Amino acid sequence: MKLPSQNPTKTKAWKALQEHFSAIKNQSLKDLFVSDSKRGSELSIKWEDFYVDYSKNIIDTTTKRLLLDLAKEVGLPQAMESYFAGETINATEGRAVQHVALRAPKGKTITIDGVNIVDEVAQVKEKIKGFTEKVISGTHKGYTGKAITDIVNIGIGGSDLGPVMITEALEHYKNHLKVHFISNIDGDHVHQNLKKFDAETTLFVVVSKSFGTQETLSNAITARKWFVEKAGGSEAVSKHFVAVSSNVQKVTDFGIDPNNIFPLWDWVGGRFSLWSAVGLSVALSIGFEQFDELLAGAHDMDEHFKNTDFEENIPVLLGLLSVWYNNFFEAETEALIPFNQYLHRLPAYLQQGIMESNGKGVDRNGDTIDYQTGTIIWGEPGTNSQHAFFQLIHQGTKIIPTEFIGFKKSLFGDKEHHDKLMANYFAQTEALMNGKTQEEVLAELKEKNMSQDQIDTLAPFKVFKGNRPTTSLLIEKLTPKSLGKLVAMYEHRIFVQGIVWNIYSYDQWGVELGKQLASNILSEIDANKVAEHDSSTTNLLNEFLN
């Protein structure tokens with residue numbers, strides 16, 4: 001079954017939302033709370049250890065109803081059935097999209113071409129479990145008989161961003177192994193990292209589905225050359241290099257033991273692959289049991305998304321809110337502020353997930369789109385962000401919907417620190433909503449015994465208009481399971497937005513052109529001869545070569 005294909009701007013719900021937007025766009029959030037004392041509880045969702053408050057958004061019950069109408073009119077329910085049934089919803093690449101199968105428990109049935117892929121996934125999980133237990137326990141030895149102390153993940157894009165984000169986020173749960181990541185083809189970065197390692201105790205995990213990605217293969221070759229020089233030969237490569245790939249021949253030719261190849265499937269997109277063997281570095285860092293908890297949390301969110309009525313469905317509602325701001329308020333960016341330093345790589349991870357998925361200008365019919373699609377995602381942890389770019393969010397000229405992620409409990413139990421952190425989490429959403437009126441500013445300044453001229457001069461600069469929309473996610477505690485739920489929630493939001501915008505979220509043709517041109521230009525650099533380009537590129541290349 002094909003995904004439904006409906007230009008959202010031609011639906012009844014879209015037209016109704018346009019009319020409604022004209023009536024609500026200047027509505028004061030403060031007034032909305034005054035007029036409805038139950039607003040905070042009515043526009044929030046409590047699910048397991050998640051509390052999601054979306055009441056500080058410029059919406060009312062009519063907005064919510066119309067957004068849900070839009071979801072139904074563009075065929076989101078039918079699209080979800082195709083998604084979970086393993087149908088070929090990545091039509092331009094002829095693939096199913098089944099990262100949900102990677103975290104499905106053993107015994108479930110998800111079929112592609114008549115094969116229960118959950119059984120295949122279970123076999124790979126067992127292989128990950130066995131290998132990680134050997135490395136962590138010290139049973140897997142290096143070429144001199146020493147146990148492994150350092151893991152180096154070599155990958156790029158989804159083969160790097162997901163594992164590094166999860167590893168950093170779950171650092172509290174890590175074991176004795178030190179995990180490092182090499183992704184950029186920048187040779188200075190690679191060689192600087194190699195200086196840190198001892199060849200006798202380092203294990204390289206090379207992650208590339210095709211085992212042909214230029215950046216990853218170049219870095220892996222450099223690492224192999226370094227290792228062979230240190231080890232005095234290539235015989236020991238099989239003890240210190242493993243691969244996550246579907247290209248067995250290329251990996252074997254590289255010198256990696258076929259027993260140490262962890263397979264991938266074409267129905268796993270790179271930016272959704274951390275749940276697969278791409279997460280091997282994560283499993284090595286925190287142990288397989290904790291890795292399995294991460295998968296279990298993601299599966300819980302899968303079930304919530306699949307089975308919960310849209311009225312209380314977290315990914316559906318938050319995805320529709322993004323559409324609301326992107327297409328009606330014309331807000332081109334969304335800020336993501338985790339009030340937890342462990343999650344400092346989450347915005348970067350979601351930049352790929354969201355912007356590579358939904359940054360499309362052609363709809364599912366192949367027609368050019370004349371409405372806005374994907375949003376620009378950015379952010380940093382609080383409270384650091386408050387002392388950096390919050391000025392723009394509070395008093396700038398742009399509307400920037402902002403998402404706050406906080407936790408009720410800290411991991412080290414330092415209540416004094418955590419209370420200060422969370423006081424800022426709560427205060428910022430309240431401040432962004434309420435702002436500070438001129439009357440309040442004048443009253444404050446008068447208390448400081450300033451002259452009237454000073455007050456009149458300074459007052460305009462201290463006024464906050466407020467009415468800045470925020471969504472708050474309050475989670476019990478940062479654990480592997482809660483992190484799995486959080487990441488899966490964003491994945492499903494991507495799907496919701498893509499269906500509404502009538503685009504294919506799971507291809508990424510936009511990353512290909514630059515790669516193709518880079519390959520051509522590299523041959524020119526190797527030959528020290530510049531071919532015909534525009535005058536800018538020609539001058540730049542000549543400057544570089546000369």
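Note on exposure: 311, 403, 439 ranked by accessible area (1.4 Å probe, complete protein assembly) read 439, 311, 403, with the most exposed listed first. Collect residues whose amide H, placed 1.01 Å from N in the peptide plane, falls under 5 Å from the amide H of residue 206; neighbours closer than 5 in sequence don't count. Counting only residues 5 or more places away or on other chains, the set is 154, 242, 243, 244. In the chain, what % of DSSP beta bridges are antiparallel (nearest 5)? Here the share of antiparallel DSSP bridges comes out near 35 percent. All Cα-Cα separations within region 72-214 were binned at 10 Å from zero, giving a P(r) of 10, 27, 33, 20, 9, 2, 0, each value a whole percent of the pairs. One Cα centroid belongs to region 422-481, the other to region 77-139; the line between them spans 47 Å.
Given the rule -39500 (n - 2.57) for each run of at least 4 DSSP H residues, summed and divided by the residues of the chain, what is its mean residue ellipticity at 222 nm, to the nearest 500 deg cm²/dmol? That calculation yields -14500 deg cm²/dmol at 222 nm.
Considering all projection directions equally, how large on average is the shadow of the alpha-carbon convex hull of the chain, in square nanometres? The partial results should precede the final answer.
Details: hull surface 123.4 nm².
The directionally averaged projection comes out at 30.8 nm².
In terms of overall dimensions, the C-alpha atoms belonging to region 405-546 reach 73, 51, 39 Å along their principal axes, ordered largest to smallest.
Cα convex hull of region 57-128: how many Å³ per residue? Write down the numbers at each step before the final one.
Values: hull volume 11.0 nm³, N = 72.
Taking the convex hull of the Cα positions in region 57-128, it is 152 Å³ per residue.
The value obtained for region 189-286, namely the Cα convex hull volume divided by the number of residues, is 106 Å³ per residue.
Packing, as the average of other Cβ atoms within 10 Å across residues, places the peptides 500-508, 517-525, 74-82 in the order 500-508, 74-82, 517-525, highest first. The peptide list 451-459, 416-424, put in order of mean Cβ contacts within 10 Å with the highest first, becomes 416-424, 451-459.
Helix 12-24 axis versus longest C-alpha principal axis of the chain: approximately 50°, rounded to the nearest ten.
Hey, any idea what Rg/Rh is for region 1-160, computing Rh the Kirkwood way over Cα pairs?
On the way: Rg = 24.3 Å, Rh = 21.1 Å.
Rg divided by Rh gives 1.15.
Near residue 468, the amide H atoms lying under 5 Å from its own belong to 433; only residues 5 or more places off or on other chains count, and H is placed 1.01 Å from N. For residue 465, a cut-off of 27 angstrom between C-alpha atoms picks up these lysines, skipping any fewer than 8 places away in its own chain: 25, 30, 38, 56, 64, 398, 420, 436, 446, 448.
Residue 47 contributes an accessible area of around 40 Å² to the protein surface, as traced by a 1.4 Å probe with all chains present.
The accessible surface of the chain, taken with every protein chain in place and a 1.4 Å probe, is 49 percent carbon and sulfur. A straight line joining the Cα centroids of region 386-410 and region 297-346 runs 16 Å.
How much of the calculated P(r) for region 1-70 lies past 22 Å, in percent of all Cα pairs? Write down the numbers at each step before the final one.
Values: 889 of 2415 pairs.
Tail fraction, whole percent: 37.
In the context of the full set of protein chains, residues of the chain present 45 Å² of accessible surface per residue (probe radius 1.4 Å, heavy atoms only).
Computed over the Cα atoms of region 234-362, the ratio of the radius of gyration to the Kirkwood radius (Rg/Rh) comes to 1.06.
Determine Rg/Rh for region 106-170; Rg is computed over alpha-carbon atoms and Rh is the Kirkwood hydrodynamic estimate from the same atoms. Please list the in-between numbers first.
Numbers: Rg = 16.0 Å, Rh = 14.6 Å.
Using Cα coordinates only, the ratio equals 1.09.
Calculation over all alpha carbon pairs of region 302-374 in 10 angstrom steps from 0 returns a P(r) of 16, 36, 40, 8, 1 percent. Sequentially through region 310-324, phi angles give Karplus couplings (6.51, -1.76, 1.60; θ = phi - 60°) of 4, 4, 10, 8, 4, x, 5, 5, 6, x, 5, 4, 4, 4, 4 Hz, Gly and Pro residues having no value and appearing as x. In region 490-546 the Cα-Cα distances spread across 10 Å bins starting at 0 as 19, 32, 16, 17, 16, 0 percent of all pairs.
The values are calculated or read from the model by the stated rules, or taken from the named source; none is laboratory data. For clarity, every value in this text was computed on a predicted model and none was experimentally measured. Cβ coordinates were reconstructed from backbone atoms using ideal geometry, including for glycine residues, and neighbour counts include every protein chain displayed. Just so you know, the surface numbers come from the protein's heavy atoms only, side chains and all, with ligands and any DNA or RNA stripped out. Shrake-Rupley method; radii C 1.70, N 1.55, O 1.52, S 1.80 Å.
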